[in-house]
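See structure below.
The values are calculated or read from the model by the stated rules, or taken from the named source; none is laboratory data. Quick caveat, the model's predicted, so the values are computed rather than measured. Because the Cβ atoms are built from the backbone with ideal geometry, glycine has one as well, and the counts that use them run over all protein chains shown. With ligands, DNA and RNA removed, areas are computed over all heavy atoms of the protein, side chains included. Shrake-Rupley method; radii C 1.70, N 1.55, O 1.52, S 1.80 Å.
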Amino acid sequence: MTIRTHKVAGVFMLDSHLATKGDALYGEKVFGEYRLWNPQRSKLAALLKKEENVPLRPEQIVLYLGAASGTTVSHLANIVSLVYAVEFAPRVARDLVRLSERLKNVVPLVADAVRPDYGHIVELVDFLYQDIAQPNQAEIAITNAEIFLKTGGYACVMIKARSIDVTAKPKAVYKREVKKLKEQLDIMCVHELEPFYKAHAAVIARLA
Amino acid sequence: MTIIKTWFGEIELRDDKIVCSNVLKTDTAALAVRLQKEEFADLDKQFRGRFREIAIHLHLVPSERDYISLLRAVAIQRAKEQITAAFAHPDTRIIQLIGGIDDIDESINFLSERLLEWDILEFEISRPRDITETHDPQSTTYPALKHEFAESIERLSELRKKISNAIEFEMHAIAPNLSSLAGELLGARLIARAGGLESLARMPASRIQVIGASKALFKHLQFGAKPPKHGLIFQHPLVRGSPLSKRGKIARTMAAKLAIAARLDFYSKKAHPELLAQMEKRVRELNKPQTRADIT
């Protein structure tokens, strides 16, 4: 097995498998100090597998909207300095809190990203990551970017075409959502997440 | 002069200098309680980048590392309280109870099919036959096992009855009108599918009409198939018992009444017995055979 570093510091490639360094937390496969990161279980892993130029850096503070049970959060926490993880649904937030108790740099927040009421808790962040399958997800990303994202900070929005409009072609949906994001953010690139995720795309943008 | 309210306290600034502050001690529980009780206004983006600096300046914490560890402890405490509160909501219990009923129904169907096969097998092997076969050791244990199998199904259906009583009890308390119009079990299923009584109360009637028919609905939206007439509300005797040609109209009427019932339940909790009579009257009218005079 060959181990090489990914362009994103903190991410490693074990042969063709993506991994981060840390304790196993949710039953993922482990090789020594490396935890494998399955691109079929995490959209961020799918993105990193397809594209190495993702503006994630070790010193960054991340605001993560739609943390769910924290699978992706746990790997992201191995890469960056601090993650504010927002999740609204109590059932999965329960798993997220349990995970946060084992990760020193995750702050769990049970809140609705649509109406951000965590303004008195979350500081300015360098990176906004959003994975919430909602029809108005672009608006939610913009609202949160305006409140929490540093000037020059990055946003990564995972678009699930099927949650926005099932009747339209996924490519048409991406285009529409990108247009909405463009009103407030500078779009850097758009990556489809095939074959790991069907009808999903990652948009990376920057707040000027 | 600006007052900024953060998770760790209130700070008054004049010309960017802290003039006054009310910062709590590093007491996780007290800080978590404050998060729940206080109202926090939006604050200016320029202060958002200074939380750590201010907290250290005010000697709340000695370092950035301690800032994060205190914040994390407070956030975990608060999140746990929010989760507990969400689970304590009666809707959550109803949703779980009705989920249990649906699982039991599915299991009983499965097990009953198996029991039938076992029955047939027992019937066939207990027929007169030659000696070697009657000495099959299975013949002694098989009926006993089958009996126990049948008893388990029996126990499941007793449990189902108990759960169903519990749902009736809970539904009368939180949704008297929905219970009277839809029946407790159907009402509970609607609440479960909507994700709570509040979401059901906020739904338009047209959506309530097709709850549980999402496959057909999306086939309609995506490929132009015929729209579904009814979803879960098909289970209601007034819909199911009506002639096919009238079901669409009846489902629509009922959905409208159910929407009103859900709203009454969520916003007032008072029972309105006249609602059921109104709905039944309207359904009777719709069910009357049309005469030539009605059409013209």
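Report every pair of residues separated by at least 6 positions or lying on different chains whose Cβ atoms are under 8 Å apart, first residue within region B:228-250 and exposed (fewer than 15 other Cβ atoms within 10 Å of the Cβ), second part of a helix (DSSP H, G or I).
Pairs found: B:R240/B:F234; B:P243/B:N287.
Please give the number of the condition B:Q82 fails out of (1) out of contact with any Lys or Arg (no Cβ under 8 Å at 6 or more places or on another chain); (2) touching a residue at least 12 places away in the same chain (Cβ under 8 Å); (3) open to solvent by less than 70 Å² (accessible area, probe 1.4 Å).
Among (1) out of contact with any Lys or Arg (no Cβ under 8 Å at 6 or more places or on another chain); (2) touching a residue at least 12 places away in the same chain (Cβ under 8 Å); (3) open to solvent by less than 70 Å² (accessible area, probe 1.4 Å), the lone unmet condition for B:Q82 is (2).
Go through (1) within 25 Å of A:A208 (Cβ to Cβ); (2) modelled with pLDDT under 95; (3) more than 10 Å from chain B (Cβ to nearest Cβ) for A:G119 and report which single condition fails.
(3)
What's the total number of residues in region A:63-87 that are of a type in the set (F, W, Y) and at the interface with another protein chain (Cβ under 10 Å from one of its Cβ atoms)?
We begin by selecting, within region A:63-87, every residue of a type in the set (F, W, Y); these are A:64, A:84.
If we keep only those that are at the interface with another protein chain (Cβ under 10 Å from one of its Cβ atoms) too, we end up with A:84.
So the count comes out to 1.
Taking strands (runs of 3 or more DSSP E) that do not extend beyond region A:1-52, which have at least 1 residues that are surrounded by 13 or more Cβ atoms within 10 Å (Cβ to Cβ) and modelled with pLDDT of 95 or more? Quick ask: steps written out before the conclusion?
Working: elements: A:3-5, A:11-14, A:17-21, A:34-36.
Qualifying strands (runs of 3 or more DSSP E): A:11-14, A:17-21, A:34-36.
In region A:87-99, is there at least one residue being open to solvent by less than 30 Å² (accessible area, probe 1.4 Å) and over 17 Å from the mean Cα position of the chain (by Cα)?
yes
Go through (1) open to solvent by less than 50 Å² (accessible area, probe 1.4 Å); (2) under 22 Å from B:S180 (Cβ atoms); (3) in a helix (DSSP H, G or I) one by one and return the number of the condition B:R282 breaks.
Among (1) open to solvent by less than 50 Å² (accessible area, probe 1.4 Å); (2) under 22 Å from B:S180 (Cβ atoms); (3) in a helix (DSSP H, G or I), B:R282 violates only (1).
How many residues does region A:161-204 contain that are within 14 Å of chain B (Cβ to nearest Cβ), under 22 Å from A:E51 (Cα atoms) and either open to solvent by less than 20 Å² (accessible area, probe 1.4 Å) or not in a helix (DSSP H, G or I) (or both)?
Qualifying residue count, region A:161-204: 3.
For residues in region B:3-21 being within 19 Å of A:V122 (Cα to Cα) and touching an Asp or Glu at 6+ places or on another chain (Cβ under 8 Å), which is least open to solvent (accessible area, probe 1.4 Å)?
Selected residue: B:I4.
Looking at region A:124-149, which of its residues are facing chain B (nearest Cβ under 9 Å) and open to solvent by 10 Å² or more (accessible area, probe 1.4 Å)?
A:L124, A:E146, A:I147
Which condition breaks for A:V83 when tested against (1) assigned to a loop (DSSP other than H, G, I, E, B); (2) within 19 Å of B:Y67 (Cβ to Cβ)?
Answer for A:V83: the failing condition is (1).
If I ask for residues that are more than 10 Å from chain A (Cβ to nearest Cβ) and either part of a helix (DSSP H, G or I) or surrounded by 15 or more Cβ atoms within 10 Å (Cβ to Cβ) (or both), which ones from region B:56-76 would you list?
B:I56, B:H57, B:L58, B:L60, B:V61, B:D66, B:L70
When region B:29-53 is examined, which residues are found to be more than 10 Å from chain A (Cβ to nearest Cβ), in contact (Cβ under 8 Å) with a residue 12 or more places away in the chain and open to solvent by 40 Å² or more (accessible area, probe 1.4 Å)?
B:A29, B:Q36, B:D44
Filter region A:88-108 down to the residues that are of a type in the set (K, R) and at the interface with chain B (Cβ under 9 Å from one of its Cβ atoms), then identify the one that is nearest to A:G70 (Cα to Cα).
Step one: filter region A:88-108 for residues of a type in the set (K, R), giving A:91, A:94, A:98, A:102, A:104.
Checking which are at the interface with chain B (Cβ under 9 Å from one of its Cβ atoms) leaves us with A:91, A:94, A:104.
Numbers: A:R91: 12, A:R94: 10, A:K104: 14 Å.
If we take residues in region A:88-108 being of a type in the set (K, R) and at the interface with chain B (Cβ under 9 Å from one of its Cβ atoms), then A:R94 is nearest to A:G70 (Cα to Cα).
Say we look at region B:85-131 and pick out the residues that are within 14 Å of chain A (Cβ to nearest Cβ), surrounded by 15 or more Cβ atoms within 10 Å (Cβ to Cβ) and of a type in the set (A, V, I, L, M, F, W, C); which of these is farthest from the chain's Cα centre (by Cα)?
Filtering region B:85-131 for residues that are within 14 Å of chain A (Cβ to nearest Cβ), surrounded by 15 or more Cβ atoms within 10 Å (Cβ to Cβ) and of a type in the set (A, V, I, L, M, F, W, C), the one farthest from the chain's Cα centre (by Cα) comes out as B:A86.
Would you check which residues across region A:32-70 are under 14 Å from A:M158 (Cβ atoms) and touching a Lys or Arg at 6+ places or on another chain (Cβ under 6 Å) and list them?
A:P39
In the list A:F196, A:F148, A:F127, which residue meets the criterion of being of a type in the set (F, W, Y) and out of contact with any strand residue (DSSP E or B) (no Cβ under 8 Å at 6 or more places or on another chain)?
Of A:F196, A:F148, A:F127, the one residue that is of a type in the set (F, W, Y) and out of contact with any strand residue (DSSP E or B) (no Cβ under 8 Å at 6 or more places or on another chain) is A:F196.
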